[in-house]
Amino acid sequence: MNSSESKFYPGVNGAFQRHVCVYVPAGYAGAELPVIVSADAYGMRYNLPTILDNMIYDQRLPAMAAVMIDNGGAERSLEYDTVSSKYVEFVEAEVLPRAEREANVKLSKNPDARMTLGGSSGGAVALTMAWFRPDLYHRILTYSGTFVNLRNGPEAPLGAYEYIEHLFPSSEKKPFRLWIQVSENDNGSKTPSEGRRNWVIANSRLAKVLKDKGYAYQFVYSKGAGHTQRKVIDDTLPQALEYVWLDYTPHR
């Protein structure tokens, strides 16, 4: 995708190319499919297509598609760390319709059949997509989520830390099912909590908020590991997917 054609992210410092990969399950016959939408084209680097092939074949997951979207390069933080509806509106208006056309696949509009996936700032935007459009996404999976004060503004003075400090605590429970992970040696792990730039503290506090609000969630703390560590993802992604989709019932 050429950014110059985008109404949302045309390129602050000039146009750029954004690559999007679409996974369609084997034997697809044209029915509407549940879908995973991943930031940073996350699944392509972590074998998501192979994992889905195997888990769908073993009936551990329903047949589903995945749309893996590259970030905006130098504008990655602008896209992912901004706490607003802009990125999800971009995905819905410009990415998914094109993915459906070019991959010849029908993607479900049922929020219970849609999951967001990401790591680091991609984890932040995975939550942001669902938060601002719970009519579109109910399932969220994050690794080392950047739920810290990284990119703030008038509407989110604490950046994505607002989810912990204000948004979740002060809002009615949303119909989310979440799997979140952080590592012992994650970003800012030695940083005092006062600056709200410690990923370990932020994710741990998010897990507590989710528990207090009665959300269906699973929190994984990876001892001895670092930020979005490859081995952690390889070891946990199948189980994480299984948990996030555990209560899914296909519409018949």
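The values are calculated or read from the model by the stated rules, or taken from the named source; none is laboratory data. The structure displayed is predicted, hence computed values, not measured ones. A quick note on method: Cβ atoms are made from the backbone with ideal geometry, for glycine too, and the neighbour counts reach across all protein chains shown.
In segment 52-77, the residues that are farther than 30 Å from R151 by Cα reach residues that are part of a loop (DSSP other than H, G, I, E, B) and modelled with pLDDT under 95 with C-beta atoms within less than 6 angstrom, at least six apart or across chains, in these pairs: P62/P250.
Scanning segment 208-221 for residues that are assigned to a helix (DSSP H, G or I) and either among the acidic types (D, E) or within 16 Å of the chain's Cα centre (by Cα) (or both) returns a single hit, D212. Scanning segment 126-165 for residues that are under 16 Å from the mean Cα position of the chain (by Cα) and among the basic types (K, R), we see that the one that is farthest from A216 (Cα to Cα) is R133.
Hey, can you tell me all the residues within segment 222-233 that are over 18 Å from the mean Cα position of the chain (by Cα) and either touching a residue at least 12 places away in the same chain (Cβ under 8 Å) or crowded, with 17+ Cβ neighbours inside 10 Å (or both)? Spell out the reasoning first.
To start, the set of residues in segment 222-233 that are over 18 Å from the mean Cα position of the chain (by Cα) comprises 222-226, 231.
If the condition is that a residue be over 18 Å from the mean Cα position of the chain (by Cα) and either touching a residue at least 12 places away in the same chain (Cβ under 8 Å) or crowded, with 17+ Cβ neighbours inside 10 Å (or both), then S222, K223, G224, A225, G226 are the ones that fit.
Being in a helix (DSSP H, G or I) and either surrounded by fewer than 22 Cβ atoms within 10 Å (Cβ to Cβ) or touching a Pro at 6+ places or on another chain (Cβ under 6 Å) (or both): is that true of S189 here? Answer is no for this residue. Y161 falls short on exactly one of the conditions (1) crowded, with 23+ Cβ neighbours inside 10 Å; (2) in contact (Cβ under 8 Å) with a residue 60 or more places away in the chain, and that condition is (2). Here segment 15-47 is the region considered, the condition is being modelled with pLDDT of 95 or more and closer than 19 Å to Y243 by Cα, and the residue that is surrounded by the fewest Cβ atoms within 10 Å (Cβ to Cβ) is L33.
For I69, the criteria (1) touching a His at 6+ places or on another chain (Cβ under 9 Å); (2) surrounded by fewer than 16 Cβ atoms within 10 Å (Cβ to Cβ) hold in every case but one, which is (2).
When each of V22, V37 is tested for being in contact (Cβ under 8 Å) with a residue 60 or more places away in the chain, under 18 Å from E79 (Cα atoms), in a strand (DSSP E or B) and not basic (K, R), the lone residue that passes is V37.
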